[in-house]
Amino acid sequence: MARRLSAEDRAQTLAPLLSAEHGAWALVDGRDAIKKTFVFADFNRAFAFMASVALSAEKMDHHPEWFNVYNRVEVTLSTHDCQGLSARDIALAAHIDAAATSLSK
Ligand SMILES: C[C@H](O)[C@H](O)[C@H]1CNC2=NC(N)=NC(=O)C2=N1
């Protein structure tokens, strides 16, 4: 069972994701979750991003909540098993940022 991030975990692993000057993740209002919107050149890029993230998510057994319209993908991460943020969300966020970077070139 995943465990919710402690205050110390949040300072060490969550804060950097939230404070990145460019393209930061944000906390979701009223819920222990983070969100980020990715915009690509077109739908093909957005869907390639989603396909790449889907494969990582399945391997990690940890899945994003997301919404796609054309070239935009809105991603929310939270761990349903513990109803809040866990280390799994931090790990998946890193994969998602890497996938977005490689598809933005
Ligand atoms: C049975 C399976 O391992 C669980 O349901 C996994 C699958 N993917 C998951 N994804 C997310 N975001 N949170 C979970 O708690 C979760 N649990």
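The modelled label-to-label distance for the pair Ala2/Ala91, using points 7 Å beyond Cα in the direction of Cβ, is 1.0 nm.
As a calculated quantity, the FRET efficiency between Asp61 and Thr37 at R0 = 25 Å, using C-beta atoms, amounts to about 0.50. Average accessible surface for region 26-105: 55 Å² per residue, computed with a 1.4 Å probe over protein heavy atoms with every protein chain in place. Think of it as helices only: each DSSP H run of n ≥ 4 in the chain is worth -39500 (n - 2.57), and spread over all residues that comes to -12000 deg cm²/dmol at 222 nm.
The fraction of accessible area contributed by carbon and sulfur in the chain is 54 percent, rounded to a whole number (1.4 Å probe; ligands and nucleic acids excluded). Residue by residue, region 38-46 carries 3J(HN,Hα) couplings of 10, 10, 10, 5, 6, 5, 4, 5, 4 Hz when phi is fed to the Karplus relation 6.51 cos²θ - 1.76 cosθ + 1.60 (θ = phi - 60°); x denotes Gly or Pro.
The values are calculated or read from the model by the stated rules, or taken from the named source; none is laboratory data. In this text, all values refer to a predicted model and were calculated from it rather than measured experimentally. Glycine gets a Cβ as well: all are built from the backbone with ideal geometry, and neighbour counts include every protein chain shown. Keep in mind that these areas ignore ligands, DNA and RNA; they rest on the heavy atoms of the full protein, side chains included. Shrake-Rupley method; radii C 1.70, N 1.55, O 1.52, S 1.80 Å.
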